[in-house]
Amino acid sequence: MTELPRSASVVIVGAGVVGASIAFHLTQRGVRDVLVLERDRAGAGSTGKNAGGIRLQFSSEINVRLSLLSVPEIERFADITGVDAQFHQVGYLFLVTTDRDAAAFERSFQLWNRLGVPARRLSADETRELLPQLNVSDVRFASFCQRDGYADPSSLLRGYLTCARAAGARVVEGARVDGIDVENGSVNRVRLGAQAVICEHVVDAAGAWAGEVAALAGVAIPITPHRRTIFVTEAFDGLPERFPMVIDFATGFYFHRESGGVLMGMPPVEEVDGFREDVDWDVLPRVVERALYRVPVLERARIKTGWAGLYEDTPDAHPIVGPVGEPRGFLAACGFSGHGVMHAPAIGSLVSEVVTGARPSVELALLALDRFGKGTAVREHNVI
Ligand SMILES: Cc1cc2nc3c(=O)[nH]c(=O)nc-3n(C[C@H](O)[C@H](O)[C@H](O)COP(=O)(O)OP(=O)(O)OC[C@H]3O[C@@H](n4cnc5c(N)ncnc54)[C@H](O)[C@@H]3O)c2cc1C
């Protein structure tokens, strides 16, 4: 491990896209004494294993607001950081097939209209115009937003880290935080084996492992790791080069273009808590069954590869962001429940506002840890 500095104003635990965005936004606000500690290599967690989906179409106002803060930064990422985020703004197409989901999406259209989200309700026929190969026989309607799409998470990570480093932040890989000292109710230092770094703020951006990091400071954060598997086909020319990210909402089956092939994912039949990251082959028959039903031409496609990573689920599928009460100086930036790439720009901005004492751009109380104790948590409906 590279030699560590004796002190830093802000220590960020975890160099995924969230930790990287926080480091970048802190340096943009003039906080340069930033140290990012990563136990493995940058991007080794969920950031290196996800589908890259970016969307405004959430059911809760706070999640929509996080996306409204994030999407413009992803749209302008090359201008801001010099790295192309490869944002394919092809839209997200939610296929709605059940009464329950139809009612929820009808409510969401009102919310999106109020917040300026350009989502449209499409009939089954209009839906097929976007992708003629889709089977829409059971589709009640679809929800489509052209500003949504998918980007390359590794490019986002690289852009943030490159700029943060250039502005003075230090990023140390192979550096596992295994202790957090608290003195007089405030964080005082982080420990890495025999080494220690004195600091004023510790930001927990440890993804699915954030609960373990919080426990080092005596904080209980309700994050449960859940495995998600993705499969990608060989190059496939039976579909257009460009089409939206499609979500078969009732089953959670989704797909989009990836390197000339098709990337597909789906939740497991039974959710098992834990840190397993090997491919869940039990999901494959379900993915194939749904793919053939929804897009029959995929019968000609061949699965090339698959991988798995972790969702970091909270009880209400919203992130936990900001101060946690005690110890003072400990900030949460975790619990993204499968949406951490798309919300990373907003979270970086919010955490930097908290650290510098600026007024947060969104109502942070809605994302505070204490919402669970107060019973004010409201569940996000549009989770895949
Ligand atoms: C299959 C799949 C599909 C997904 N699809 C999407 C999607 O379409 N859109 C989207 O927005 N999100 C998606 N996600 C979720 C997204 O990947 C995560 O929300 C996001 O990557 C979280 O980023 P992060 O930086 O918080 O965490 P991570 O990328 O997991 O980074 C946390 C880092 O902390 C490090 N760490 C842990 N403990 C310590 C310690 N003690 N000391 C030092 N370092 C430590 C880890 O090594 C890791 O590198 C998906 C996830 C999966 C698994």
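The values are calculated or read from the model by the stated rules, or taken from the named source; none is laboratory data. None of the values given here were measured: they were computed from a predicted structure. With ideal geometry, Cβ positions are generated from the backbone for all residues, glycine too; neighbour counts draw on all protein chains shown. All accessible areas refer to the heavy atoms of the entire protein, side chains included, with ligands and DNA or RNA removed. Shrake-Rupley method; radii C 1.70, N 1.55, O 1.52, S 1.80 Å.
Being outside any strand (DSSP E or B) and under 19 Å from Asn50 (Cβ atoms) is true of Ala317. Of everything in the stretch 189-232 that is more than 29 Å from Tyr92 (Cβ to Cβ) and of a type in the set (Lys, Arg), the residue that is farthest from the ligand (Cβ to nearest atom) is Arg189.
Among the residues here, Val269 qualifies as more than 13 Å from the ligand (Cβ to nearest atom), within 30 Å of Leu369 (Cα to Cα) and without any contact (Cβ under 8 Å) to a residue 24 or more places away in the chain.
Within the stretch 168-188, the set of residues being near the ligand (Cβ under 10 Å from one of its atoms) and part of a strand (DSSP E or B) comprises Val172, Glu173, Gly179, Ile180. For Asp125, state whether it is away from the ligand (no atom under 16 Å from the Cβ), under 20 Å from Pro244 (Cβ atoms), acidic (Asp, Glu) and open to solvent by 20 Å² or more (accessible area, probe 1.4 Å). So Asp125 passes the test. Evaluate the stretch 233-243: report whether one residue or more is within 14 Å of the ligand (Cβ to nearest atom) and either within 22 Å of Arg41 (Cβ to Cβ) or not acidic (Asp, Glu) (or both). No, every residue in the stretch 233-243 fails to be within 14 Å of the ligand (Cβ to nearest atom) and either within 22 Å of Arg41 (Cβ to Cβ) or not acidic (Asp, Glu) (or both).
Scanning the stretch 201-220 for residues that are buried (at least 24 other Cβ atoms within 10 Å of the Cβ) and under 17 Å from Ser337 (Cβ atoms) yields Asp204, Ala205, Ala206, Gly207, Ala208, Ala210, Ala214. Evaluation of Tyr150 against the conditions (1) within 17 Å of the chain's Cα centre (by Cα); (2) among the hydroxyl-bearing types (Ser, Thr, Tyr); (3) over 30 Å from Ala102 (Cβ atoms); (4) crowded, with 20+ Cβ neighbours inside 10 Å shows that the sole unmet condition is (3). For the condition within 16 Å of the ligand (Cβ to nearest atom) and either touching a strand residue (DSSP E or B) at 6+ places or on another chain (Cβ under 9 Å) or not assigned by TED's automatic domain parsing to the domain that holds Leu292 (or both), Arg165 does not qualify.
Between Ala142, Ala164, the distinction of being closer than 30 Å to Val295 by Cβ, outside any loop (DSSP other than H, G, I, E, B) and in contact with a helix residue (DSSP H, G or I) (Cβ under 8 Å, 6 or more places away or on another chain) belongs to Ala142 only. In the set (1) under 30 Å from Trp307 (Cα atoms); (2) part of a loop (DSSP other than H, G, I, E, B); (3) not basic (Lys, Arg), Val117 fails one condition alone, (1).
One line per residue, one yes/no per condition, for (1) in a helix (DSSP H, G or I); (2) modelled with pLDDT under 95; (3) open to solvent by 50 Å² or more (accessible area, probe 1.4 Å); (4) in contact with a strand residue (DSSP E or B) (Cβ under 6 Å, 6 or more places away or on another chain):
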| position | (1), (2), (3), (4) |
| --- | --- |
| Glu106 | yes, no, yes, no |
| Asn113 | yes, no, yes, no |
| Glu129 | yes, no, yes, no |
| Pro132 | no, no, yes, no |
| Val136 | no, no, no, no |
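Within the stretch 310-327, restricting attention to residues that are under 16 Å from Leu350 (Cβ atoms) and within 15 Å of the ligand (Cβ to nearest atom), the residue that is farthest from the chain's Cα centre (by Cα) is Gly322.
Report yes if Met245 is touching a Phe, Trp or Tyr at 6+ places or on another chain (Cβ under 6 Å) and touching a residue at least 60 places away in the same chain (Cβ under 8 Å), otherwise no. Yes; evaluated as a whole, the condition is true for this residue.
When Gly260, Gly252, Gly207, Gly218 are checked against the criterion of being assigned by TED's automatic domain parsing to the domain that holds Gly45 and out of contact with any helix residue (DSSP H, G or I) (no Cβ under 7 Å at 6 or more places or on another chain), Gly218 stands alone in meeting it.
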